[in-house]
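Have a look at the structure below, then the notes.
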Protein chains: 2
Amino acid sequence: MNKNNSEPTSGNSDSGCIYLVGAGPGDPELLTLKAARLLRDADVVVYDRLISAGILAQVPAGVTRFYVGKADGHHHVSQPEINALLLKLAQSGYQVVRLKGGDPFIFGRGSEEASYLQRHGARFEVVPGITAAAACAAYAGIPLTHRGVANGVQFISGRGRHNREPELDWQALAHSASTLALYMGVDSLDQVCSKLLRAGMPGDTPAAAIENGTTRQQRRLISTLAQLPIQAVAFRLQSPAMVVIGEVVNFSQTLDWFRPDSGQPAAASARSMHG
Amino acid sequence: MNKNNSEPTSGNSDSGCIYLVGAGPGDPELLTLKAARLLRDADVVVYDRLISAGILAQVPAGVTRFYVGKADGHHHVSQPEINALLLKLAQSGYQVVRLKGGDPFIFGRGSEEASYLQRHGARFEVVPGITAAAACAAYAGIPLTHRGVANGVQFISGRGRHNREPELDWQALAHSASTLALYMGVDSLDQVCSKLLRAGMPGDTPAAAIENGTTRQQRRLISTLAQLPIQAVAFRLQSPAMVVIGEVVNFSQTLDWFRPDSGQPAAASARSMHG
């Protein structure tokens, strides 16, 4: 892992605590007040991919930072290594913010880290964050639910266990009256859309991809289930991106309020080079 | 509707904007930085049920407040009346925070208000909030997803259109590998659990109800699908409550980190008397 700054200087073995904190989708203003307070007061911040530069800028200069994400030319830090690091920091009495993109308990492995800490007697707390589906959809003018259009929403992941294909009930998904929000779906977009089509979801179902949602680099691709995979190639869609499938995507034409390039307060600074 | 304070005194007809702001689940520290900034700068705040007293305490004294929720002895303000009020305020040039519990685009009717404003040429922006499912589950020690246990999550509502029964695909829900998060489910809890049981969901599926989640008044009821409705009666479960159904509920035993009564920073003040 990458570590900058010196060793954390404070620490009390009785009071160490790991705060599993959701950083939200990218816009630093979508941090919660609680997350901002914990970042200000932390001894150590442990963060991974998808934490934007604007959010890291909220961390005071004296706070020790550990980067545990994957980056070009760097070894990927494994989950057991991250768990062990967190436990060691907690046992050393540090106040640690374990910062995760979005929400720590929605596709964030927060519960794996919490379970490990709990089994080893370390204190932890969970601080929810704005999850990517809610934020990216809102900033793309797409409501996840709307009376008479979508009576619910399903969050699914494009990545299965061990980075294999997702094992999902495609029949149920294809016939659902809910909106589908696909996390980590760029690499498996072709496959997911094909499976939904083959399971009977109409090809003209509205579908959108939102890249770098909520930041100044946000780009929207509004398409259909049948067309999205090929249009995503021409669009050069890259991670991180949220895919939303369902009739609610039609609202993106009229409710398109966000101007990423306008420099309005809503927009955020560039993503970290790690992202 | 109830209005306190005097008429808003500023206003510029060119610059009126309605901010559809998610207030999160109840803990004022789960407001986003953006929501807190907009509340500080607003001319007018329009809010409804489920906005906690602790959140309203963030609104500066000079800001005009409109309460448009239902309350004992008061007339319920209809959605068309709310729409008309928001439009009038925007056309009068006011900066208006339309404050909604949770997230405005998840069971929040935010898109109905946004569509109305858009059709009438008024400016609006959407500010996502922590949705109740994510927050209440996290504060009850329940991850909404967990590798190998739940590969996704579905948000459904216990209230159908025109306040009738929800029309959901019970077969698909009963056989889903996703966690189910039921919003507004107290009144229809018996019905929803019965339908899931009849559709084949095992009666021993873990199920939880979280009342007043994230606040000092939070209460958890950990049960099973078959037992939850009857235990909820003995528990005197009341709205607002989030119901979570699925194997992830088992984590609530080990990951139970939140102490509502301890007065720790995580806890929030009492809910509004309107709530």
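Selection over segment B:98-124 of residues that are closer than 16 Å to A:Ala150 by Cβ, touching a residue at least 24 places away in the same chain (Cβ under 8 Å) and in a helix (DSSP H, G or I) gives a count of 3.
Filtered by the rule that a residue be of a type in the set (Lys, Arg) and closer than 16 Å to A:Ile51 by Cα, segment A:73-110 gives A:Arg98, A:Lys100, A:Arg109.
The residue of segment B:117-161 that is nearest to A:Cys136 (Cα to Cα), among those that are at pLDDT 95 or above and among the basic types (Lys, Arg), is B:Arg123. Residues that are within 7 Å of chain A (Cβ to nearest Cβ) and farther than 24 Å from A:Gly158 by Cα within segment B:113-150 comprise B:Ala114, B:Ser115, B:Gln118, B:Phe124, B:Glu125, B:Val126, listed in sequence order. Per the conditions (1) in contact with a helix residue (DSSP H, G or I) (Cβ under 6 Å, 6 or more places away or on another chain); (2) closer than 22 Å to B:Val21 by Cα, the sole criterion not satisfied by A:Ala134 is (1). Please specify each residue of segment A:80-133 satisfying the condition of being of a type in the set (S, T, N, Q) and out of contact with any Pro (no Cβ under 7 Å at 6 or more places or on another chain). Within segment A:80-133, A:Asn83, A:Gln91, A:Ser92, A:Gln95, A:Ser115, A:Gln118, A:Thr131 meet the criteria.
Every residue, every condition in (1) of a type in the set (A, V, I, L, M); (2) closer than 30 Å to A:Lys34 by Cα, yes or no:
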{"site": "B:Ser178", "(1), (2)": "no, yes"}
{"site": "B:Gly200", "(1), (2)": "no, no"}
{"site": "B:Ala232", "(1), (2)": "yes, no"}
{"site": "B:Val244", "(1), (2)": "yes, yes"}
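Looking at B:Leu182, is it crowded, with 19+ Cβ neighbours inside 10 Å and more than 9 Å from chain A (Cβ to nearest Cβ)? Against the criterion (crowded, with 19+ Cβ neighbours inside 10 Å and more than 9 Å from chain A (Cβ to nearest Cβ)), B:Leu182 qualifies. Counting only residues that are of a type in the set (D, E, K, R) and within 7 Å of chain A (Cβ to nearest Cβ), segment B:156-166 holds 1 of them. State all residues of segment B:40-50 that are modelled with pLDDT under 90 and not basic (Lys, Arg); if no residue qualifies, say none. Those that are modelled with pLDDT under 90 and not basic (Lys, Arg): B:Asp48, B:Leu50.
Only one entry in A:Leu182, A:Leu197 is under 20 Å from A:Leu237 (Cα atoms), out of contact with any Pro (no Cβ under 6 Å at 6 or more places or on another chain) and either part of a strand (DSSP E or B) or hydrophobic (A, V, I, L, M, F, W, C) (or both), namely A:Leu182. All conditions but one from (1) of a type in the set (Gly, Ala, Ser); (2) buried (at least 20 other Cβ atoms within 10 Å of the Cβ); (3) within 29 Å of B:Trp170 (Cβ to Cβ); (4) within 12 Å of chain B (Cβ to nearest Cβ) apply to A:Ala208; the one that does not is (4).
Cβ-Cβ contacts under 6 Å between residues 6 or more apart (or on different chains), taken from a first residue in segment A:1-28 that is of a type in the set (Val, Ile, Thr) to a second residue that is modelled with pLDDT of 95 or more and part of a strand (DSSP E or B), are listed as A:Ile18/A:Val96; A:Ile18/A:Arg98; A:Ile18/A:Phe124; A:Val21/A:Val97; A:Val21/A:Leu99; A:Val21/A:Val127.
Filtering segment A:99-110 for residues that are crowded, with 21+ Cβ neighbours inside 10 Å, more than 7 Å from chain B (Cβ to nearest Cβ) and of a type in the set (Val, Ile, Thr) leaves an empty set.
Residue selection: B:Val153 satisfies the criterion of being on the phi < 0 side of the Ramachandran plot, buried (at least 24 other Cβ atoms within 10 Å of the Cβ), within 7 Å of chain A (Cβ to nearest Cβ) and in contact with a strand residue (DSSP E or B) (Cβ under 8 Å, 6 or more places away or on another chain). Filtering segment B:167-179 to residues that are more than 9 Å from every other protein chain (Cβ to nearest Cβ) and of a type in the set (A, V, I, L, M) leaves only B:Ala174.
For the residues A:Gly62, A:Gly93, A:Gly148, the requirement of being surrounded by fewer than 21 Cβ atoms within 10 Å (Cβ to Cβ) and free of Cβ contacts under 8 Å to residues at least 24 places away in the same chain singles out A:Gly148.
Scanning for something among the aromatic types (Phe, Trp, Tyr) and touching a Lys or Arg at 6+ places or on another chain (Cβ under 6 Å), does segment A:167-180 turn up at least one residue? Yes, segment A:167-180 contains a residue that is among the aromatic types (Phe, Trp, Tyr) and touching a Lys or Arg at 6+ places or on another chain (Cβ under 6 Å).
Take A:Ala35 and decide whether it is among the aliphatic types (A, V, I, L, M), more than 29 Å from B:Asp256 (Cβ to Cβ) and either within 18 Å of the chain's Cα centre (by Cα) or surrounded by fewer than 22 Cβ atoms within 10 Å (Cβ to Cβ) (or both). Considered against the rule, which asks whether it is among the aliphatic types (A, V, I, L, M), more than 29 Å from B:Asp256 (Cβ to Cβ) and either within 18 Å of the chain's Cα centre (by Cα) or surrounded by fewer than 22 Cβ atoms within 10 Å (Cβ to Cβ) (or both), A:Ala35 comes out as no. From the list A:Val63, A:Val68, A:Val96, the lone residue that is modelled with pLDDT under 95, in contact with a helix residue (DSSP H, G or I) (Cβ under 9 Å, 6 or more places away or on another chain) and within 30 Å of B:Arg259 (Cβ to Cβ) is A:Val68.
Does at least one position in segment B:226-235 carry a residue that is in a loop (DSSP other than H, G, I, E, B), at pLDDT 95 or above and either in contact with a His (Cβ under 9 Å, 6 or more places away or on another chain) or β-branched (Val, Ile, Thr) (or both)? Checking segment B:226-235: not a single residue is in a loop (DSSP other than H, G, I, E, B), at pLDDT 95 or above and either in contact with a His (Cβ under 9 Å, 6 or more places away or on another chain) or β-branched (Val, Ile, Thr) (or both).
The values are calculated or read from the model by the stated rules, or taken from the named source; none is laboratory data. Predicted model, so just to flag it, every value in this text is computed and none were measured. Cβ atoms come from the backbone with ideal geometry, glycine included; neighbour counts cover every protein chain shown.
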